[in-house]
1. List residues of the range 47-74, by number, whose backbone nitrogen lies under 20 Å from a label position 7 Å along Cα→C-beta of Glu110.
2. Report Glu107's accessible area, 1.4 Å probe, all protein chains in place, as a number in Å² to the nearest 10.
3. Just for the range 47-146, what percent of DSSP beta bridges are antiparallel, to the closest 5?
4. Classify the range 147-251: rounded, prolate or oblate, from the alpha-carbon gyration tensor (a ≥ b ≥ c, eigenvalue square roots; a/c under 1.5 rounded; otherwise prolate if a/b is larger than b/c)?
5. Under a crude label model (7 Å from the Cα following the beta-carbon direction), how far is His309 from Glu121 in nanometres?
6. Considering only protein heavy atoms and a probe of 1.4 Å, how much of the accessible area of the range 147-251 is carbon and sulfur, as a whole percent?
7. Would you mind counting up the charge near Met362? Only other residues with Cβ under 13 Å from its Cβ, with Lys and Arg at +1 and Asp and Glu at -1.
8. Provide the per residue accessible area, probe 1.4 Å, for the range 152-238, rounded to a whole number of square angstrom.
Amino acid sequence: MAACNRNRDGEDSILEPLCFPEPADGTSLQRLSAEPLLCLFCPESVPLQQKDVLLKHLLLEHKLVIAEVKLIADLPKYMLYWKGRFLEQPVTDFCSVIKTNSTGPVEKQENYFLLCDVLPEDRVLREKLQQKRLEEVLEQQQQERDDCSFQRLCMFCSEDFTGNRSSLLNHMAREHSFSIGLPDNIVYCTQFLNTLQSKLDNLQCLYCEKTFRDKTTLKDHMRKKAHRRINANNSEYDRFYVINYLELGKTWEEVQSEDDRELVDNEDDDWSDWQAHPLSVVCLFCHHQSETMDQIYTHMKEAHGFDLHKLRTELNLRFYQQVKLVNFIRRQIHQSRCYGCQEKFGCRDDVLRHIVAEGHVMKLPDVSTWNQPQYYFPTYENDGLLCTLSDSDDEGSDETNHSEDVPVIAEDISNLRALKQSSVLNQLLKSRGSCR
């Protein structure tokens, strides 16, 4: 939940999704970046960031191609190993030979050498480097998880966070709807946050990478376009997720989409020990949680005097009207505003005291205030209360009483006049015309 001092007038974004409730400086990543890449045949060397330059040099000067370079966990050590081996034995003992222009004149034929994991020695080397890298990454991740000296400002509200990195990541996910994943799935967190902060400082959208003229325009763009997230297809972020280090030659997408039918075939189809995760329903007014609808109804009635059953019956609320009412109340309380009289307060505790003192617990504003389309969207994305709402007790009478509100269009209708007259778009256009 948002802290009391984070509420501000004007921050009434209905669609803002919410959720209920490091000395680790990436030295191994920095060390890796600092290691040079050595040519396998000559003294030529380049920084790791310029690996394409060296690969081009190997191709043009030495006629050597290294297959699947991007899947090599530690390219500097890989190059150093093969440089030593080529000093001991000729390159033809290890590499496949590809002859170009084989049907042409001999003087125009050239031999190119392919170094790949078809060679058992190369495969073993790649797997060892991958295993060593995974061990380093897991050790780095554990250091970051245990580190309590982390300190950093939030990228969106400049709130200062000290202690464990998870406090900042959870805050950005909960308060700003910006999630880069679970803290336990991330490694080199400081470098990750630095990368994201650098993009924002350069007025660059984190998702589409477009650059804007000022921070306000960038902020509006990311909010309206739902771009307050990172692009999963941007390989720049791959090194910050542990899943990308798990298996040699597999991306995170391949790991997640692996077919587990073999595992299923080897297991019995006995689901008797299956334990479903209990549904957690949070009270509208406090942090109390219950596992059943009856329990949360009883709690809200006894502890707060709020009877949702009674309101549903008195107002004859259909299912989606209940959804909008719950989302409306959640949103008002989150914004420290009384849902009954719309008075604004400094924090959540103040508005709850006001609601009780003024007897506004069961007081609702005019239906037109909360029965709005924007409240179809959940205030809290994981709001279990919405999943347990029930329709009116007498569904037959409800359908009879309200059928005139819902236009029914026959499948083979030939005249669209009825549809056009009752369409939402037509109503909106009429409303706009009457306001001019």
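The values are calculated or read from the model by the stated rules, or taken from the named source; none is laboratory data. As the structure is a computational prediction, the values presented were derived from the model and not from experiment. Neighbour counts are summed over all protein chains in view; Cβ atoms, including those assigned to glycine, are modelled from backbone coordinates with ideal geometry. Just the protein is used for accessible areas: all its heavy atoms, side chains included, with ligands, DNA and RNA removed. Shrake-Rupley method; radii C 1.70, N 1.55, O 1.52, S 1.80 Å.
1. 52-68
2. Counting only protein heavy atoms, the figure is 150 Å².
3. Just about 60 percent of them are antiparallel.
4. Oblate, since a/c reaches 1.5 and b/c is not below a/b.
5. About 7.9 nm, to one decimal.
6. The nonpolar share, carbon plus sulfur, comes to 47 percent.
7. Local net charge: +1.
8. Value for the range 152-238: 50 Å² per residue.
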